[in-house]
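The values are calculated or read from the model by the stated rules, or taken from the named source; none is laboratory data. Computed from a predicted structure; not experimentally measured. With ideal geometry, Cβ positions are generated from the backbone for all residues, glycine too; neighbour counts draw on all protein chains shown. Only protein heavy atoms, including side chains, enter the accessible area calculation; ligands, DNA and RNA are left aside. Shrake-Rupley method; radii C 1.70, N 1.55, O 1.52, S 1.80 Å.
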Amino acid sequence: MEKEIKINFQTYPSYNDLPEIEKTLFDKAKSVRENAYAPYSNFFVGCALLLENGEIITGSNQENAAYPSGLCAERTAIFWTSANYPDVKIKKIFVIGGPKDVLSSTPIPPCGGCRQSILEYEAKQKDEIEIYFASPDGEIIKTKSIRDLLPFSFDGSFL
């Protein structure tokens with residue numbers, strides 16, 4: 001029997017359509033994107049996390065000539081958060097990415113490795129994390145959980 005899986009998402013046509021806290025996260029992710037170290041790919045990504053205590057944590061991608069030793073913006077921010085705020089839930093993640101000097105309106109979602117890491121922290125905190133992803137200009141996409149981007153997920157319950 002065939003079964004259809006629906007992915008839940010919402011779109012915002014532009015920055016001006018975002019609620020205020022999401023505008024703040026967008027601004028912080030866009031700003032920290034400039035700190036990316038991406039001399040090999042020239043693909044700059046910034047990430048901002050909103051914690052349940054109101055703190056905003058940021059991260060940018062960090063490449064290394066010895067692939068895959070670098071780290072994506074999302075994991076940079078999430079791992080730092082877990083090390084420094086181990087018992088504080090992540091409520092929202094905002095990701096902005098794209099080539100450094102090319103204007104694009106294509107929203108850039110988290111890569112597969114980042115999706116798996118976000119899933120781990122959703123499971124750890126037993127609460128969904130809203131995910132927003134965008135390019136520096138254009139449409140913004142929101143999902144209520146990483147499971148919308150990773151519907152056939154693998155987590156600790158399989159072990």
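Once you put a point 7 Å from the Cα of Thr24 and another 7 Å from the Cα of Ser104, both along the Cβ direction, what distance in nm separates them?
3.0
Counting only protein heavy atoms, what percent of the accessible surface of region 49-159 is carbon or sulfur at a 1.4 Å probe?
Of all accessible area on region 49-159, carbon and sulfur atoms account for 55 percent.
Lys and Arg at +1, Asp and Glu at -1: add these up for the other residues within a Cβ distance under 13 Å of Pro13 and post the number.
Neighbour charge sum, excluding Pro13 itself: -2.
Compute the normalised compactness of region 53-122: alpha-carbon radius of gyration over 2.2 N^0.38 Å, N being the residue count.
Taking the Cα Rg and dividing by 2.2 N^0.38 Å, one obtains 1.19.
How far apart, in nm, are the 7 Å Cα→Cβ label points at Glu139 and Ser41?
A separation of 2.2 nm, rounded to one decimal place.
Short version: ³J(HN,Hα) in whole Hz for each residue of region 65-77, in order, from phi by Karplus 6.51 cos²θ - 1.76 cosθ + 1.60 (θ = phi - 60°), x for Gly and Pro, what are they?
Along region 65-77, the couplings run 4, 8, 4, x, 5, x, 8, 6, 4, 4, 6, 4, 5 Hz.
Pick from Lys28, Lys91, Lys124 the residue whose mean-square fluctuation is largest in a GNM of the chain, springs joining Cα atoms under 10 Å.
Lys124
Count charges around Ala38 for me, please; just the other residues with Cβ under 14 Å from its Cβ, Lys/Arg as +1, Asp/Glu as -1.
Local net charge: -1.
Mind listing the phi-derived Karplus ³J(HN,Hα) values for region 143-151, rounded to whole Hz, using 6.51, -1.76 and 1.60 with θ = phi - 60°, and x for any glycine or proline?
Using θ = phi - 60°, the values come out as 10, 7, 7, 5, 4, 6, 9, 9, x Hz.
Could you check which residue among Thr81, Thr143, Thr11 shows the biggest mean-square fluctuation in a GNM of the chain with a 10 Å Cα cutoff?
Evaluated over the chain, the most mobile residue of the options is Thr11.
Provide the gained length on full extension for the span Ser14 to Tyr85, in nm with one decimal, where the gain is 0.36 nm per separating residue minus the Cα-Cα distance.
This chain segment gains 22.4 nm when fully extended.
Give the shape of region 1-41 as rounded, prolate or oblate, defined through the alpha-carbon gyration tensor: a ≥ b ≥ c are the square roots of its eigenvalues, a/c under 1.5 means rounded, and otherwise the shape is prolate if a/b is larger than b/c and oblate if not.
oblate
Kindly flag which residue pairs out of Lys3/Lys23; Lys89/Lys142; Lys23/Lys100; Lys6/Lys28 have an alpha-carbon separation exceeding 27 Å in this structure.
Cα-Cα > 27 Å for Lys3/Lys23; Lys6/Lys28; rest within.
Set the Förster distance to 25 Å, then compute FRET efficiency between Ser157 and Ile5 from the Cβ-Cβ distance, nearest 0.05.
0.85
Would you mind classifying region 1-77 by shape? Square roots of the alpha carbon gyration tensor eigenvalues, ordered a ≥ b ≥ c; an a/c under 1.5 is rounded, otherwise it is prolate if a/b is larger than b/c and oblate if not.
In terms of gyration-tensor shape, oblate.
Using each residue's phi in region 40-56, evaluate 6.51 cos²θ - 1.76 cosθ + 1.60 at θ = phi - 60° and report the 3J(HN,Hα) Karplus result to the nearest Hz, with x for Gly and Pro.
9, 9, 6, 9, 9, 10, x, 9, 10, 10, 9, 8, 5, 8, x, 5, 10
Over region 13-159, give the accessible area per residue in Å² for a 1.4 Å probe, as an integer.
49
Where both residues lie in the chain, what percent of DSSP beta bridges are antiparallel, nearest 5?
Percent antiparallel among DSSP bridges in the chain is about 80.
Where Lys and Arg each count +1 and Asp and Glu each count -1, what net charge lies around Ser104 among other residues with Cβ under 12 Å from its Cβ?
So the surrounding residues net to -2.
Using the Cα gyration tensor of the chain, with a ≥ b ≥ c the square roots of its eigenvalues, what is the shape: rounded (a/c below 1.5), prolate (a/b larger than b/c) or oblate (neither)?
Note, shape of the chain comes out rounded.
Size of the dipole of region 6-159 about the Cα centre, Lys and Arg at +1 and Asp and Glu at -1 on the beta carbon, nothing else charged, in debye to 20?
Roughly 200 debye for region 6-159.
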